[in-house]
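Remarks on the structure that follows.
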Amino acid sequence: MKDKTENIKLSKWLETNISPYFPNKSGLINLIKIIAEATIPIRGLLEKGITSREIHYRMDISEPVNNTENIYGEEQIHEDILTHSIILKTLQDADTDFAFIASEEASPFFSNGSFGITIDPVDGSSNVAVNRTVGTIIGIFHEGTIICALYILYGVFTNLIIAIEGKVAEFILDTVPYSLTFYHYVFYKYLNMPDIERGGVRCIGGDSTLWSKKCKSYEELLIDKHYKDRYSGSFVGDFHAITYYGGIYAYFLQNEKAKIRVYYEWLPLAFIAKTLGGDFLMIEEGTHNDITKRIEDIIPLTKENVEKIHMTTCGGLLGSKTVVNWFLSLS
């Protein structure tokens with residue numbers, strides 16, 4: 001497989017790389033294209049800051065209510081609410097083929113289409129104020145099973161990473177004024193996450209003073225193997241570093257209370273990691289860190305059960321296969 005090809009737009013890549021036998025191929029491609037295009041005003045919003053009024057006006061989006069909380073009891077940040085509204089409105093206006101759209105910012109929105117969509121509009125949104133990397137995470141489901149995952153990083157440049165049909169490709173948003181591909185995602189390369197024994201990155205969140213002996217031993221093992229600490233507070237940003245350098249993202253439970261959402265964060269990124277040959281261990285809320293499950297144990301997300309389970313949280317480990325499975329070898 002050629003590693004790098006210039007000037008192939010996302011839409012053409014999807015047409016070429018998705019099998020003609022894929023369920024409702026044209027509907028899926030249209031859905032992905034619309035989501036990708038919706039992230040362009042989000043990029044503009046983040047560049048302008050939370051006082052942007054142009055996006056409000058052009059897209060007829062209501063002003064978010066101050067001091068609101070999301071369904072997890074966490075304070076919502078302006079960017080979370082506004083970017084959720086941008087993506088939802090874009091999908092609705094485009095008459096896309098969706099069965100439901102679920103976001104951590106609101107209750108699921110239903111239609112009569114084929115595909116389920118999960119949205120984490122601005123993962124790591126607390127990083128916006130200090131100008132650190134944030135991203136949008138999307139999962140696409142068909143008949144309860146995740147079939148495609150993508151994320152967009154808003155950093156020094158804007159890139160889109162997508163996993164589908166056994167491939168993970170990276171696209172760059174071309175913003176050069178004289179380019180014929182202006183404001184389109186252009187193919188950059190295929191990703192291949194390293195599975196190395198030493199020298200990768202470690203991104204471990206949570207209060208280490210509350211970790212179990214096993215969790216502390218695991219971190220000590222990573223330090224002994226020269227895994228560099230790169231935790232930033234942005235799950236998607238940290239995970240992107242792991243796709244390049246190899247390593248681990250982990251969030252251990254404290255007092256058996258989980259934080260990270262299964263269907264908005266863990267599962268889409270785990271789908272990408274598994275496609276790259278990596279692995280994922282799930283630690284269910286209400287259990288000890290020693291009790292882990294595989295991605296296959298996650299309940300399928302369907303139109304019938306999305307309202308009941310879309311808020312599910314868990315701890316876990318995600319990244320290079322060898323590094324993830326070291327955790328299982330410890331007592």
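The values are calculated or read from the model by the stated rules, or taken from the named source; none is laboratory data. Because the structure is a prediction, the values reported are computed rather than measured. Glycine gets a Cβ as well: all are built from the backbone with ideal geometry, and neighbour counts include every protein chain shown.
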> Of the residues in region 173-197, how many are buried (at least 17 other Cβ atoms within 10 Å of the Cβ), touching a residue at least 60 places away in the same chain (Cβ under 8 Å) and of a type in the set (D, E, K, R)?
Replying inline: 1
> Wholly within region 227-331, which helices (runs of 4 or more DSSP H) include no fewer than the required count, namely at least 3 residues that are modelled with pLDDT of 95 or more, assigned by TED's automatic domain parsing to the domain that holds Gly205 and more than 19 Å from Arg202 (Cα to Cα)?
Replying inline: 267-275, 306-309
>> If I filter region 198-220 down to residues being polar (S, T, N, Q) and either free of Cβ contacts under 8 Å to residues at least 24 places away in the same chain or in a loop (DSSP other than H, G, I, E, B) (or both), which single residue comes out as surrounded by the fewest Cβ atoms within 10 Å (Cβ to Cβ)?
In response: Thr209
